[in-house]
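Structure, as structure tokens:
Each reported figure results from applying straightforward, stated rules to the coordinates on display, with no laboratory input. Values in this document were obtained by computation on a predicted structure and should not be read as measured data. Neighbour counts are summed over all protein chains in view; Cβ atoms, including those assigned to glycine, are modelled from backbone coordinates with ideal geometry.
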Amino acid sequence: MTVRRACWMTGISTRAVYEEPGPDRDAALREALRRVWRPNMGYRMAHALVKEEFAPLNLKRVHRIWKQERLGRKTRYRKKRTGNPVPLSAEHPNHVWTVDFIHDSCLSGTKLKVLSVEDEFTRECLALEVATRINARKVRDVLAPLFADRGAPRFVRSDNGGEFVARLLAVFLSESGSNSRFIDPGKPWQNGFVESFHSTLRRDHLDVEVFVNLADAQMKTAIYRRYYNEVRPHSSLGYRPPAVAAQSLEFSRATPCLPPNPAGISSAEVYS
């Protein structure tokens, strides 16, 4: 027979049977643990921080309260970005460049990573770097000769990929007189131009060509970039190729961030 049923049969209130809970003897300790809590802190570290105040203090007691208060939760961090996340539209040539990655593979199954660099105003594809691996250093090495030849853009727009938020690239852009412009996480439409370009690149080139190996992919992609810039009509440019349309514009070039490179020294040699 349950206590509740027995009380009902005898007409006694259940309050007379159960002992009234006393004051929480752990109240002060709970408050202290909440006070010292930090993201990803464990109960052992918390015990070390409060044990002098509540000596003697058993580690198991701290562990019990730690779990009751749900203080063991972990917080996921995103790498802090440098640059302004607010989108902007390109107002003139060399104002905003956009960089992003698109992926493909060779006939052998080797994965390919393609870094694209475009001028958002002229719609020119400034670079299509094909490799099996591209890190922040490689991104810098692709941008460096472009900056030397065309001048540094005012902004470089990208998503929040690790290659683009890396300190190495941020320092390079800052020293070159350029600035990062990051889109908000999970909002690729804020970089709509590169999304449109990659759709064209995928449809006209990557889904059509068969790449035997990396060298074959690099050669065919270089040919396509020239075709895209010099031959393929672009609807937003009055159905003129980007290079042809760019020639009719009065370029307001930024001061080159790097000295001219008449000797043909590669960016890899410059930064080695």
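List the relative contact order of the stretch 96-270 as a percent without decimals, with contacts defined as Cα pairs under 8 Å and 6+ residues apart. Computed value for the stretch 96-270: 27 percent relative contact order. Dipole of the stretch 96-270 computed with +1 at Lys/Arg Cβ and -1 at Asp/Glu Cβ about the Cα centre; of 177, 132, 224, farthest Cα towards the positive end is 177.
Averaging the Cα positions of each part gives two centres, and for the stretch 110-155 and the stretch 205-240 these lie 15 Å apart.
Taking the Cβ-Cβ separation of residue 244 and residue 168 as r and a Förster radius of 41 Å, what is the calculated FRET efficiency to the nearest 0.05? Let's see the in-between values first.
Numbers: r = 36 Å, r/R0 = 0.88.
E between residue 244 and residue 168, to the nearest 0.05, is 0.70.
Set the Förster radius R0 to 35 Å, insert the Cβ-Cβ distance between residue 210 and residue 237 as r into 1/(1 + (r/R0)^6), and round the FRET efficiency to 0.05. For R0 = 35 Å, the calculated efficiency reads 0.70. Can you bin the stretch 96-270 into rounded, prolate or oblate? Criterion: square roots of the alpha carbon gyration tensor eigenvalues sorted a ≥ b ≥ c, rounded for a/c under 1.5, prolate for a/b above b/c, oblate for the rest. The shape class here is rounded. A protection proxy built from the mean count of other Cβ atoms within 10 Å ranks the segments 222-230, 151-159, most packed first, as 151-159, 222-230.
Want the number for residue 111 to residue 5: 0.36 nm per residue separation, take away the alpha-carbon distance, what's left? All intermediate terms of the calculation are to be shown ahead of the outcome.
Working: separation 106, 0.36 × 106 = 38.16 nm, distance 7.11 nm.
This chain segment gains 31.1 nm when fully extended.
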